[in-house]
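The values are calculated or read from the model by the stated rules, or taken from the named source; none is laboratory data. What you are looking at is a predicted structure, and each value in this text was computed from that prediction instead of being measured. Note that we place each Cβ from the backbone using ideal geometry, even for glycine, and neighbour counts take in every protein chain shown. Ligands, DNA and RNA are excluded from the accessible area calculation, which covers all protein heavy atoms including side chains. Shrake-Rupley method; radii C 1.70, N 1.55, O 1.52, S 1.80 Å.
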Amino acid sequence: MLAYRHAFHAGNHADVLKHVVLTLVLRHLNTKEKGYRYVDTHAGAGGYSLEGRYAQKKGEYAQGIGRLWSRDDLPAAVADYVAQVHAFNPGGRLEQYPGSPGIAHALLRPQDQMRLFERHPTDHRILSAYLGKARHVEVFDSDGFEGLKGQLPPSTRRGVVLMDPSYEGNADYPRIVSTLRDALGRFAEGVYLVWYPEVSKLEAVQLPRRLEALAPRGWLHARLTVQQPDAQGFGLAGSGVFVINPPYTLHDQLRGVLPWLTDVLGQYEGAHFLLEERSA
């Protein structure tokens, strides 16, 4: 787990889906004045250089944010997300990409809180330098799965939790499920976002159905498939975001966005999307 560096993948198609959904969820929570707590269990560095050797090794961002950066026909929800990335690049060139903490910090208000967990020593150091002294932000060098227990329920009884571990091995899949089961017992009304990779692992295929069983109050599942696995069946074909207790507006917003993203980010003729939900 500690070997994983998101810098290799920053701004790719999976980040686009994850951060479009995150932006929509936070915008919805901002429609009410009462503050909330944002918790990121695997926060990463908070921002990434797209000109550094990690991002340049495979250039994954070129097939993600790179395809959206200069377009003038973005749907409103995508335009809002891309505007956050533009704000992260005040010089006008696509040089940096904000991680989830960077996007969330730009959208949170003075009455809101951030709790960020990151164990990789280099990424934790960068994250601490970036956001560690910001108002209402706490950065922890500890396991986010375990640390989440101490953050729930928030005093305002409003909160958003983002969980997107590396999934490098198989251990993260059952830990997602057990951690969410505990979290929902502590804070049933919270909004929980789980990002997962679309890869040729049984655990990845089974994860959405296992999450459904944890969400009696309702859920939403969005998946974007943009490329084919390699000849051995390996590779990141796409990714999904599973939302427990989603905002009631989210399904209709994504229904207008996902077909467009499929067309723009798709790298083969079979590119497609999935959008399903169950209301409480």
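At-a-glance table
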read-out	value
Rel. contact order, % - alpha carbon contacts under 8 angstrom, at least six apart, the chain	21 percent
Probe 1.4 Å - accessible area at Ser142, Å² to nearest ten	40 Å²
Loop GluC sites (Glu not before Pro), region 106-205, which have at most 11 other Cβ atoms in a 10 Å radius of their Cβ (DSSP)	Glu168, Glu189
Cross-link pairs Lys58/Lys201; Lys133/Lys201; Lys57/Lys201; Lys32/Lys133; Lys34/Lys149 - those with Cα-Cα distance over 31 Å	Lys133/Lys201
Dipole magnitude of the chain about its Cα centre (Cβ charges: Lys, Arg +1; Asp, Glu -1), debye to nearest 20	700 debye
Top of Pro153, Pro101, Pro110 by mean-square fluctuation, Gaussian network on the chain, Cα under 10 Å	Pro110
Of all DSSP beta bridges in the chain, antiparallel share, percent nearest 5	60 percent
Debye, to nearest 20: dipole size of region 1-121, +1 on Lys, Arg Cβ, -1 on Asp, Glu Cβ	280 debye
His251 - accessible surface, heavy atoms, 1.4 Å probe, Å² rounded to 10	30 Å²
Trypsin sites (Lys or Arg not before Pro) restricted to region 51-146 and DSSP loop, no more than 11 other C-beta within 10 Å	Arg71, Arg93, Lys133, Arg135
Charge dipole (debye, nearest 20) of region 109-193; +1 at Cβ of Lys and Arg, -1 at Cβ of Asp and Glu	420 debye
Solvent-accessible surface (1.4 angstrom probe) belonging to Thr179, in square angstrom, nearest 10	20 Å²
Selected from Tyr173, Asn89, Leu107, residue furthest toward positive end of dipole (region 55-210; charges at beta carbon)	Leu107
Centroid-to-centroid separation of region 186-200 and region 72-119 [C-alpha atoms, Å]	20 Å
At most 16 other Cβ within 10 Å, DSSP loop - GluC sites (Glu not before Pro), region 21-109	Glu33, Glu51, Glu95
